[in-house]
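Just below is one structure, and these are the notes that go with it.
The values are calculated or read from the model by the stated rules, or taken from the named source; none is laboratory data. All values derive from a computational prediction rather than experimental measurement. As a convention, Cβ positions derive from the backbone with ideal geometry for all residues, glycine included, and neighbour counts pool all protein chains shown. The accessibility values were calculated without ligands, DNA or RNA, using every heavy atom of the protein model including side chains. Shrake-Rupley method; radii C 1.70, N 1.55, O 1.52, S 1.80 Å.
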Amino acid sequence: MLKEGHSQQSVRENSVPTPETMVSDISSQAPHASGDAARAGERAKALLVCGLLVLAVALAFGQTIGFGFVNYDDDAGVYENRLVTGPLTWESLKAVLTDRHVEGTVPLTCVSHMLVWHLLGHNAAAHHAVNVLLHAGAVVLLFLTLWRMTDQLWPSALAAFLFAVHPLRVESVAWVTERKDVLSGLLFMLTLAAYSRYGSRPFAIHRYLAVLACFILGLAAKPMLVTLPFVLLLLDWWPLRRTPTQRPGQSPARLTIAMRLILEKLPMFAVAAFFCWFNLHGRTAASLVANRQYSFAWRLGNAIISYVAYLGDFFCPLGLTPCYPRRVELPAWQVAASALLLVAVTALALRWRRQRPYLLVGWLWYLGMLTPVIGLVQFGGQAEADRFTYLPCIGLAIALVWAGADLCRRWPRLLPFGATVAASAVLLLTGAAWRQTSYWRDSETLWSRVLACDSRNALAHNNLGATLLGRGQVNAAMKHYQTALNIDPDYAKAHHNLGVVLAACGRPDEAIESYWRAIRLDPQYAEANNNLGVALAGCERFDEAIERYGRALEIDPDYAVAHNNVGIALVSCGRFAEARRHYRLALQIKPAFVEAMLNLSWLMATCPDGRLRDGRQALDYAERACKLCGGTPEALHCLAAAWAEQRKFPEALAAARRALELAERQRLPSLATFLRAEIASYERGKPWRLDAAAPR
C-alpha cells in the first residue's frame, strides 16, 4: 500500500494522472512484480480489466444512443433551455453562472450540454453517447485509483464492476438531464486519483492544487460533492494509512499529524461551504416548500427510512423507477427498526475498525455522501431517487468486496466459490441494468413502467398524459391528468395541464378555472399565467389577458411566448407601439421564433398608424419566416401584405393567391375568407389596413 515515506522514484511529476500513466505507475509498484516481465504482466491485467469495464458499460447502457429525450426535465434542462440552444458566445458562457438549471446551480454541466448541442448535433443520440462515455471514464478511473491506493487488483476490479453496471446507475446514465451525475462522478474520480498522488508526497503544492482544482470542477458539475473532503479523511485512515492511529507506538507527534491532515482539508471545506450557500441561494421558493410543509422530525424520520431503503435497493435492485413519491405516513415502528439497523451496522463497523478498516470506511462513505440528498433539507417532491446513489454506493461496494477478499484469504478453499459468485453477480447486474435502461427508450415507455410499479404515482400520470396529448390522444391525456389530481389534489402542474386539454376541447371556462387553481397553488408558475392569458384572450377579455401575460413576464422576463402573446392582445386593444416592442423582445430572446416574426411583419405592414409601418422591415421578417417554416399560408399572406405596403402589387397578388391555394387545400376557411378580401384590395391597388391583427 502507499504509505508516507514510500519511494517516489516511480511517481511521475504530472499532477493529475491519466489512465495510461496510472497503469504504468501501478504496475511499477505491484508487490509481486519482479523485473520487466512481471511489470508487463501487471500492465496487461490492468488493461484487460479496463477493457472489460468499458465493454460492460457498453452492454448495459450502449442502447441509449438510439433513445430520444424524455419529458422529465429534458425540455427545461436541454432542448428548451435558452442557454443550451442559443448562440455559443462568451456572454452565454458567463450567463451559466447565474442559471438555475433545473432546480440547481450546475454551471459546468450546463456548459457541457451547450458544447454537445453545438458541436455534436441537436439529436438526443449525441447527448446519450456523452453520458455513456463519461460513466465509462469514471468507472475506469475508479478501478485504477483503488488499485493504486490498495495494491489489490482483483478487489479493485470487482468494486469497479459493481459500480459500473448496478441497475441503480441507470437513471444517472440513461437520463440526459442527469449529466451532472456522470460528469461530477468523473471529476470525483480524478480528485481521488490526484489525492492518492498527493498522499504519497505530502506538501507538494502543485499536487495539492491539482486536487483542489478537480474538486472545484466537480462541485461546479454537481454540488453533491460537498462531502468529498470527509471521504478524503476516511481514505487517509484506509487505505492510504496517513493517520496516527495506524502507526505503531505512542508518539507525541500523533496530534500534530492529525491536525495536519485536518488543516490540509480546510481550503476544501471552505470551498464546499461556499457551494452549499450558493446552491441553497439559487433554489426557488417552490423547490424548498417541503421544508415548511414537513417538520424537521418528520424529515429526520424519512431520512432514516431512506438510508435503509437505498441499502435494500443496493442488494436487491427490483422495482426501480425514476421517481418515488414522498411518503404520506412514517410508521413509528418503521423509523425505529431502520434506526436500529443503522446503529447496529455502525457499531459492528466500529468494533472491527482495526481488523477490517474497510468496513468502517465504506459504511461512513455511504452514510456521509448521501447526507446532502437524504431529505433533511428537501429539494423537490421525491422521497428518494436512484440517481442519488451514484457515488455513495461505491462505499458499500468497497466494504462488500474487501470483506469477501478477506474471507478468501483466510479460507483459500472459498476462492473458487467466491470468484463464481462475483462473476455471476456482475453478469446478473449487467442484465438487470440493460433491462432497466430499456425503459428509458421514450416517455411513454418510461412512465408506463413507473405506473406498472406504482399505479398511484401522480407524477407518472401527469407526464404520461403530456406524452399522449403530444400525440393527439386528448381523451386519454385528460384521464391521466384527472387521475393525477385524484391522487394529489394540490398538484399544480396537473391542474395546468388539465387546463390545456380543456382549452383544446373547447371548454374555455373550465380551462380558466384549472389555470387559476394551478396559480393559487404555485404563484410563480409562469406558464400557467401565460396560458390563462391565452384562454382569457380567446374569450375577448383582453385587459385581463394582458394582466396575466404581464404576471408571467414578471416571473420570467425571458419568456418569449408570453411577449408574443401580450403583443397579440395589445394589438387587439389598439396599443400598436407596445405590441411592436413586445414582438421585438420575443425575437431578441428567441431569434428563430416564426410566429413572432409573422406578427411583427403583419403589424409593420398593415398598422393603421403610419409612424409604425415599415414595408422593408416587414418584408425582411416575412421572408425570414418563410425560409424557416417552408412557406405556410400564414407566412405567405404576411409576405403579400409586406409587398403591398411597398406598392409592389404583382408580387403581393402572387403571394396572396399562393396562400389562398394552400389555405383551401389545408381546409382553413377563416384564413381563406380573409385572403379573398385581401386579394380584392391588392387588385384595386390598395395596401391592406386593419384595426386588429388578422387571424392566425
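Using a probe of 1.4 angstrom, how much of the accessible area of the stretch 623-689 is carbon and sulfur, in percent?
52
Rounded, prolate or oblate: which one fits the stretch 525-576, using the alpha carbon gyration tensor with axes a ≥ b ≥ c (rounded when a/c is under 1.5, else prolate when a/b beats b/c, else oblate)?
Oblate, because a/c is 1.5 or more while a/b does not exceed b/c.
Residue 45: which lysines have alpha carbons under 25 Å from its alpha carbon, excluding same-chain residues fewer than 8 sequence positions away?
Result set, ordered by chain and number: 3.
Taking every pair of alpha-carbon atoms in the stretch 348-468, give the share separated by more than 18 Å as a whole percent.
Above the 18 Å cut-off, the stretch 348-468 has 69 percent of its Cα pairs.
Taking a ≥ b ≥ c as the square roots of the eigenvalues of the Cα gyration tensor of the stretch 326-368, is the shape rounded (a/c under 1.5), prolate (a/b larger than b/c) or oblate?
Judged from the Cα gyration tensor, the stretch 326-368 comes out oblate (a/c at least 1.5, b/c at or above a/b).
Please determine, in degrees from 0 to 90 and to the nearest 10, the orientation of helix 205-221 with respect to the longest principal axis defined by the Cα atoms of the chain, where the helix direction is its Cα long axis.
Here the helix axis deviates by roughly 40 degrees.
Give me the Kirkwood hydrodynamic radius of the chain in Å, from all C-alpha pairs, to one decimal place?
Evaluated on the chain, it is 28.7 Å.
Report the per residue volume, in Å³, of the convex hull enclosing the C-alpha atoms of the stretch 573-696.
92
Which entries of 94/222; 479/627; 180/265; 627/686 have Cα-Cα distances beyond 29 Å here?
Table pairs above 29 Å Cα-Cα are 479/627.
Label points 7 Å out from Cα along the Cβ direction at residue 680 and residue 47: separation in nm?
Result for the modelled spin labels: 8.4 nm.
How tilted is helix 526-538 with respect to the longest principal axis of the chain? Cα atoms for both, answer in degrees (0 to 90, nearest 10).
Rounded to the nearest ten degrees, it is 20.
Would you mind computing Rg(Cα) / (2.2 N^0.38 Å) for the stretch 587-654, counting N as its residues?
Cα-based Rg divided by the globular estimate yields 1.01.
Calculate the spin-label point distance for residue 623 paired with residue 341, positioning each point 7 Å from the Cα along the beta-carbon direction, and give it in nanometres.
Placing both labels 7 Å beyond Cα along the Cβ direction yields 7.0 nm.
Using only the alpha carbons of the stretch 453-503, what is the convex hull's orientation-averaged projected area in square nanometres?
Over all viewing directions, the stretch 453-503 projects a mean Cα-hull area of 3.1 nm².
What residues have an amide H closer than 5 Å to that of residue 324, excluding those fewer than 5 places away on the same chain, when H is modeled at 1.01 Å from N in the peptide plane?
383, 384
Within the stretch 468-550, which GluC sites (Glu not before Pro) sit in a loop by DSSP and count at most 12 neighbouring Cβ atoms inside 10 Å?
Passing sites in the stretch 468-550 are 540.
Around residue 60, what is the net charge, scoring Lys/Arg as +1 and Asp/Glu as -1 over all other residues with Cβ under 12 Å from its Cβ?
Surrounding charge for residue 60 is +2.
Enter the angle in degrees (range 0 to 90, nearest 10) between the Cα long axis of helix 357-370 and the first principal axis of the Cα atoms of the chain, meaning the one along which they spread out most.
20
Go through 81, 626, 415 and say which Cα lies farthest out towards the positive end of the charge dipole of the chain; charges sit on Cβ, +1 for Lys and Arg, -1 for Asp and Glu.
415
Need the full-extension length gain, residue 410 to residue 118, defined as separation in residues times 0.36 nm minus the C-alpha distance. One decimal, nm.
99.5 nm
Over the stretch 517-609, what is the relative contact order in whole percent, taking alpha-carbon pairs under 8 Å and six or more residues apart?
Computed value for the stretch 517-609: 20 percent relative contact order.
Would you mind counting up the charge near residue 310? Only other residues with Cβ under 11 Å from its Cβ, with Lys and Arg at +1 and Asp and Glu at -1.
Once all neighbours under 11 Å are counted, the net charge is -3.
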